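Novice: Dropping the structure in here first, questions after.
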Amino acid sequence: MKPIEDIESWLALGLIDGLGDESIRRLLVAFGSPAGIFSAKAAALERLVKKKIADNIVQGGDRKKVAVTLKWLEDPANSIMTLADPDYSSMLLNIADPPPLLYLKGKRELLSSPALAVVGSRNATPQGLSNAEAFAEAASHAGLCIVSGMALGVDAAAHRGGLRGAAASIAVVGTGLDVVYPARNRDLAHELAEKGVLVSEFPLGTPAVGSNFPRRNRIISGMSRGCLVVEAALQSGSLITARQALEQGRDVFAIPGSIHSPLSKGCHALIKQGAKLVESAEDILDELGYQLARSTVNDTDEPAAGESLLLKYLGHDVANIDTLCTRSGLTAETVSAMLLSLELDGVVATLPGGCYQRLR
């Protein structure tokens, strides 16, 4: 742990109004450390930043916010990580714009672990959620920590899978770490703080502002060896993460889906642009040089013969009972009974409008 004076200077620097990451890095190069920046004369500072910002630096920053953060750091679960820390993520350090200061809640050592980013739609299908959880769990058991953004949908499913595996999970959030967003993920946030780690570049008290979330995506991809997109519409924020991953030289993977599903369009676009099409977690692990842990292969009971035939008629697109009756020639009563059995076995899921979708 850094001396308390050093922590205070880093915190104060990060809380200077109007001072962005690029300017902080430029000042650090010029003056060597936050303490050196605060010791500099206004004239020297003004050669690198605007006069108003230089004046804010000379005044020493927001001491009240620094005091609040120091109080927060009294909890052993909470810490900060700076560019000067020897355990700063080497993957993240080598991107174009690494955050000078990170706020952490949980196991900070996970930031040094090899990692896989898993992202996708907030409004994922049951199949998408199942894929995100299963792929993340398999990758975690193989030794890859799962990184995502704690949003609803695919992000949350990926975190759950990662936490069930051996390598845990990292959540990079777009708020201060004293703000849980979305509120529905409060239990997940507590589990991540206990078994994994929550990460933010934003000071305590920062609310959920829309512009923060695309910005945090560069951290999700930056600390990862590859980025898996599970489901995404063409305008999905997940595609921002994928583009940033490509710019950072990371592998990008995408799970294909139905040509009729809007949530497959983004993945298909990525595949057309060169992302690697994957059908199993093993496809990703092979590419990254990891092996699938044998314990993650599920030996599930096979459906009965009649149910297996019904699954063929269902295929991997959404269908309702009337459609399945037409395709199979079976009565609605028989199809309903088979679907109920398949649903109880976790093979199909019900969707709004009386439709069904195959999960595996």
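Novice: What figure in square angstrom, to the nearest 10, would you give for the accessible area of LYS51 with a 1.4 Å probe?
Specialist: 120 Å²
Novice: Can you list the lysines whose alpha carbon sits under 23 Å from that of LYS265, skipping same-chain ones fewer than 8 residues off?
Specialist: Once the sequence-local lysines are set aside, what remains near LYS265 is LYS276.
Novice: Where the accessible area of the chain is counted over protein heavy atoms with a 1.4 Å probe, how much of it, in %, is carbon and sulfur? Walk me through the numbers before you get to the answer.
Specialist: Working: 8780 of 16930 Å².
Roughly 52 percent, rounded to a whole number.
Novice: Suppose we look only past 26 Å in the calculated P(r) of the stretch 167-315. What percent of the Cα-Cα pairs does that tail hold? The partial results should precede the final answer.
Specialist: Numbers: 4584 of 11026 pairs.
That fraction is 42 percent.
Novice: Using the Kirkwood radius over Cα pairs, work out the Stokes-Einstein diffusion coefficient for the stretch 150-193 at 10 °C and 1.306 mPa s, in µm²/s as a whole number.
Specialist: 151 µm²/s
Novice: Can I ask one more? What is the angle, in °, between the Cα long axis of helix 4-14 and the longest principal axis of the Cα atoms in the chain? Nearest 10 is fine, range 0 to 90.
Specialist: Here the helix axis deviates by roughly 70 degrees.
Novice: Tell me the angle of helix 212-222 to the major Cα principal axis of the chain, expressed in degrees between 0 and 90 and rounded to the nearest ten.
Specialist: It is inclined by approximately 80 degrees.
Novice: Dipole size in debye (nearest 20) for the stretch 87-191 around its Cα centre, Lys and Arg Cβ +1, Asp and Glu Cβ -1?
Specialist: Using only the charged Cβ atoms, the result is roughly 180 debye.
Novice: Scan the chain and report its longest stretch carrying no GluC sites (Glu not before Pro) that are both in a DSSP loop and have at most 16 other Cβ atoms within 10 Å.
Specialist: 75-278
Novice: Sticking with this structure for a sec: Where a ≥ b ≥ c are the square roots of the eigenvalues of the C-alpha gyration tensor, would you call the stretch 15-83 rounded, which needs a/c under 1.5, or, failing that, prolate if a/b is larger than b/c, or oblate?
Specialist: Since a/c reaches 1.5 and a/b is larger than b/c, the shape of the stretch 15-83 is classed as prolate.
Novice: Right, here's the next one. Name the most mobile residue of LEU309, LEU28, LEU270, meaning the one with the largest mean-square fluctuation, in a Gaussian network model of the chain with Cα contacts below 10 Å.
Specialist: LEU309
Novice: How large is the direction-averaged shadow of the alpha-carbon convex hull of the stretch 207-295, in nm²?
Specialist: 7.0 nm²
Novice: Heavy atoms only, 1.4 Å probe, whole protein assembly: order CYS325, CYS145 by accessible area, highest first.
Specialist: The most accessible residue leads, giving CYS325, CYS145.
Novice: Using the basic label-point model (7 angstrom from Cα toward the beta carbon), what is the LEU70 to LYS195 distance in nanometres?
Specialist: Spacing of the two 7 Å Cα→Cβ label points: 3.6 nm.
Novice: Report the residue, chosen from VAL197, VAL252, VAL66, that carries the largest GNM mean-square fluctuation when the chain is represented by alpha-carbon nodes joined by springs under 10 Å.
Specialist: Answer for the Gaussian network model of the chain: VAL66.
Novice: Ok, one more. Among residues other than ALA167 whose Cβ falls under 13 Å from its Cβ, what is the net charge (Lys/Arg +1, Asp/Glu -1)?
Specialist: For residues surrounding ALA167, the net value is +2.
Novice: Note the listed values [x] 85, 37, 37; [y] 81, 52, 37; [z] 101, 41, 36, then indicate which one is Cα extents along the principal axes in Å calculated from this particular structure.
Specialist: [x]
Novice: Under 10 Å, Cα contacts only: if you run a Gaussian network model on the chain, which one of LEU285, LEU277, LEU342 comes out with the highest mean-square fluctuation?
Specialist: LEU342
Novice: Per residue, how much accessible area does the stretch 62-128 show when a 1.4 Å probe rolls over the protein heavy atoms, in square angstrom?
Specialist: Value returned for the stretch 62-128: 45 Å² of accessible area per residue.
Novice: Sticking with this one: Can you tally the net charge around GLU191? Count Lys and Arg as +1, Asp and Glu as -1, for every other residue whose Cβ sits under 15 Å from the Cβ of GLU191.
Specialist: +2
Novice: Of PRO256, LEU292, GLY120, which is farthest on the positive side of the dipole of the chain, counting Cα position, with +1 on Lys and Arg Cβ, -1 on Asp and Glu Cβ, and the Cα centre as origin?
Specialist: Value computed over the given set: GLY120.
Novice: Also, I was wondering about something else. For the chain, what is the calculated [θ] at 222 nm in deg cm²/dmol (nearest 500), taking -39500 (n - 2.57) for each run of four or more DSSP H residues and dividing by its residue count?
Specialist: For the chain, the value works out to -13000 deg cm²/dmol.
Novice: Let me ask something additional. Mind checking which lysines have their C-alpha under 25 Å from LYS65, skipping anything on the same chain fewer than 8 residues away?
Specialist: LYS2, LYS41, LYS50, LYS51, LYS52, LYS105, LYS107
Novice: Sort the stretch 110-196 into rounded, prolate or oblate with this rule: let a ≥ b ≥ c be the square roots of the eigenvalues of the Cα gyration tensor; rounded if a/c is under 1.5, and if a/c is not under 1.5, prolate when a/b is larger than b/c, oblate otherwise. If you can, show how the numbers build up before the last one.
Specialist: Numbers: a/c = 1.82, a/b = 1.10, b/c = 1.66.
Judged from the Cα gyration tensor, the stretch 110-196 comes out oblate (a/c at least 1.5, b/c at or above a/b).
Novice: Which of rounded, prolate or oblate describes the stretch 200-247 when judged by the alpha-carbon gyration tensor and an a/c cut-off of 1.5?
Specialist: oblate
Novice: Let me ask something additional. Please report, in debye to the nearest 20, how large the charge dipole of the chain is about its Cα centre when each Lys and Arg carries +1 at its beta carbon and each Asp and Glu carries -1 there.
Specialist: 1320 debye
Novice: How big is the stretch 166-232 by Rg and Dmax over its Cα atoms, in Å?
Specialist: Both quantities, over Cα of the stretch 166-232: 12.2, 33 Å.
The values are calculated or read from the model by the stated rules, or taken from the named source; none is laboratory data. In this text, all values refer to a predicted model and were calculated from it rather than measured experimentally. All Cβ positions, glycine included, derive from the backbone under ideal geometry; neighbour counts span all protein chains shown. All accessible areas refer to the heavy atoms of the entire protein, side chains included, with ligands and DNA or RNA removed. Shrake-Rupley method; radii C 1.70, N 1.55, O 1.52, S 1.80 Å.
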